[in-house]
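Before any comments, here is the structure.
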Amino acid sequence: MAFASFGDFLSTLEKAGELIRVSQPIATELEISAAADIEMKKPGGGKALLFEKPTVHGKPSPFPLAINTLGSLRRMALSMEAQSIESIADELGSILKAKPPTSIREALSLLSTAFELRHAKPKIVKDGPCKEVGHRFDPAPRQTTWPPAPDIFKGEKPAASPTLLDLPIQLCWPSDGGRFITLPCVVTQDPDTGERNVGMYRMQVYDSQTTGMHWQLQKVGARHGRRYYEKGERMPVSVFLGGDPVYPFCATAPLPDGMDEFLLAGYLRKRSVELVKCESNDLEVPANADFVLEGYVDPTEPLRMEGPFGDHTGYYSLPEPYPVFHLTAITHRKNAVYPGTIVGIPPMEDFYIGSASVRLFLPIFKMTFPEIIDIALPAEGVFHNLVFVSIKKTYPMQAYKIMHGLWGMGQMMFTKYIVVVDADVDVHNTSDVLFRLCANTDPQRDTTFTKGPADVLDHATTELASGSKLGIDATKKLPGEGYHRPWPPLIEMEPAVQKKIEEIFRKK
């Protein structure tokens, strides 16, 4: 049974003991971020927080704010109504194994088929809760073909027309350039193929009707934008917040290029996503979303400086020029809850979202690299800077094959460090991995440097979006790798003795 609203998910979290209500007024300026940061750094990710009376510039917001709702592996599983992320991954893996692929192209095609096997594609509906309340704004004059705002909105028109300034949008960190929408699901469309993309790009609020649109140059939204810039046409963009909790997860998932995020969402929620057409453009958004921000990006308009912003790297990303998003309409549920998050020095909520992505898509990695046992993204690696991989090694230089293969797969291109270990190593135990790294490597022999794309937010690279990568082979060495001495055995206690002693001391 899919969640009908973000509020339904919060009720589920509360019943599971995973949510804390905060009834006293708390400021969206820094205070909510401070509370969330403390909670996120508790063991296992702490609890979700529901601020019932957030304030904006000292005034109560009409909307409550929820944060850290996906900030633990348990809450990630609850968002997908599963016992664990592994159970979903196992099911997906069993579907994919039904017809083993013979090429990467066939593997990607099979992935799409696997999603469709269980649930239908998204379906279009005429109306939905996301349109219960709304208001349209006249766009900036440039194109006479852009639809003008009608006098009467078909949903309920509020007494005071809402703007971006009415939402409990957070000022996250002291040196941030302003308030940022931190969990926006941004819908764009390729003007040539019509393919849809749902991405997550932070949005700095400039005023009541404009924001920045921080789609980095490697992102699909930016690619769609470049085509509109080449055509010189105004680009429709819609942003939704809330609704089913799988939506923000799908917006950040490492899906193959061209695959519809709503297809993955339908698979995870066990029900097709119902989409409704926007009021001021032709894009479609989930009918059960809590908020919808409709608008456009104008390619004839100069870029605007966006930032600084306290980012997932643990440092501020400095101001850079990005496109401007212009608001043409706001719609929302009558009982809407605003979803937020913060990023910063790890571990944060995004660590658990990223971990869930790796666990869910591990069967896809194994389809391409059958020797892979497990993959982990340690919190210290701030999402993708550091990757641990365990493999069943059977031939020389196999670890290097894995390194270069992973660097060529989607967002893994941003990974700065890959450490490959043997199958008996728990990659989720950083101490165990570091022990093998220190014990099993000769630095000159077992490392490789290469160059490639880098995260735009990586301040350490000499050039923007371009840097080097380091691969470390921490596996047991074979003669074919230049190692000609006997490899020593790992110290381990006799299993029978270990079991006996554990039983004795368990009774003490």
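The values are calculated or read from the model by the stated rules, or taken from the named source; none is laboratory data. On a predicted model such as this, the values are computed, not experimentally measured, just so you know. Positions of Cβ are generated from backbone atoms using ideal geometry, with glycine treated the same way; all protein chains shown enter the neighbour counts. Just the protein is used for accessible areas: all its heavy atoms, side chains included, with ligands, DNA and RNA removed. Shrake-Rupley method; radii C 1.70, N 1.55, O 1.52, S 1.80 Å.
Filtered by the rule that a residue be surrounded by 20 or more Cβ atoms within 10 Å (Cβ to Cβ) and touching a helix residue (DSSP H, G or I) at 6+ places or on another chain (Cβ under 9 Å), the range 311-337 gives H312, P323, L327, I330, T331, H332, R333, A336, V337.
For the range 229-238: of the residues being open to solvent by 20 Å² or more (accessible area, probe 1.4 Å) and either of a type in the set (S, T, N, Q) or within 16 Å of D282 (Cα to Cα) (or both), which is modelled with the highest pLDDT? Ranking the qualifying residues of the range 229-238, first place goes to P236.
The C-beta contact set for the range 345-370 (first residue in contact (Cβ under 8 Å) with a residue 60 or more places away in the chain and part of a helix (DSSP H, G or I), second residue charged (D, E, K, R) and surrounded by 20 or more Cβ atoms within 10 Å (Cβ to Cβ), distance under 8 angstrom, 6+ apart or interchain) comprises Y352/R75. Scanning the range 277-295 for residues that are touching a Lys or Arg at 6+ places or on another chain (Cβ under 7 Å), open to solvent by less than 30 Å² (accessible area, probe 1.4 Å) and modelled with pLDDT of 95 or more turns up just one, D290.
All told, T415 meets the bar of being under 30 Å from T252 (Cα atoms) and at pLDDT 90 or above. Please go through (1) at pLDDT 95 or above; (2) not in a helix (DSSP H, G or I) for P100 and return the number of the only condition it doesn't satisfy. Single failed check for P100: (1).
Taken over the range 200-213, residues that are in contact with a Ser or Thr (Cβ under 9 Å, 6 or more places away or on another chain) and open to solvent by less than 40 Å² (accessible area, probe 1.4 Å) amount to 5. A single entry from D422, D455, D446, D432 fulfils the requirement of being open to solvent by less than 20 Å² (accessible area, probe 1.4 Å), among the charged types (D, E, K, R) and either out of contact with any strand residue (DSSP E or B) (no Cβ under 6 Å at 6 or more places or on another chain) or without any contact (Cβ under 8 Å) to a residue 24 or more places away in the chain (or both): D455. Among L263, L241, L217, L268, which is the only one that is open to solvent by 40 Å² or more (accessible area, probe 1.4 Å), in contact (Cβ under 8 Å) with a residue 60 or more places away in the chain and hydrophobic (A, V, I, L, M, F, W, C)? It is L217.
In the set P321, P299, only one residue is in a strand (DSSP E or B) and farther than 16 Å from C130 by Cβ; that residue is P321. Is the range 350-361 home to any residue that is modelled with pLDDT of 95 or more, open to solvent by 20 Å² or more (accessible area, probe 1.4 Å) and acidic (D, E)? There is no residue in the range 350-361 that is modelled with pLDDT of 95 or more, open to solvent by 20 Å² or more (accessible area, probe 1.4 Å) and acidic (D, E). Among the residues of the range 458-495, those identified as assigned to a loop (DSSP other than H, G, I, E, B), open to solvent by 30 Å² or more (accessible area, probe 1.4 Å) and of a type in the set (G, A, S) are A460, G482. The lone criterion from (1) touching a strand residue (DSSP E or B) at 6+ places or on another chain (Cβ under 6 Å); (2) farther than 30 Å from F383 by Cα; (3) not charged (D, E, K, R) left unmet by P299 is number (1). The residues of the range 40-67 that are surrounded by fewer than 18 Cβ atoms within 10 Å (Cβ to Cβ) and charged (D, E, K, R), listed by number, are K41, K42, E52, K53, K59. For the range 178-199, filtering for residues that are buried (at least 21 other Cβ atoms within 10 Å of the Cβ) and within 22 Å of L65 (Cα to Cα) leaves 8.
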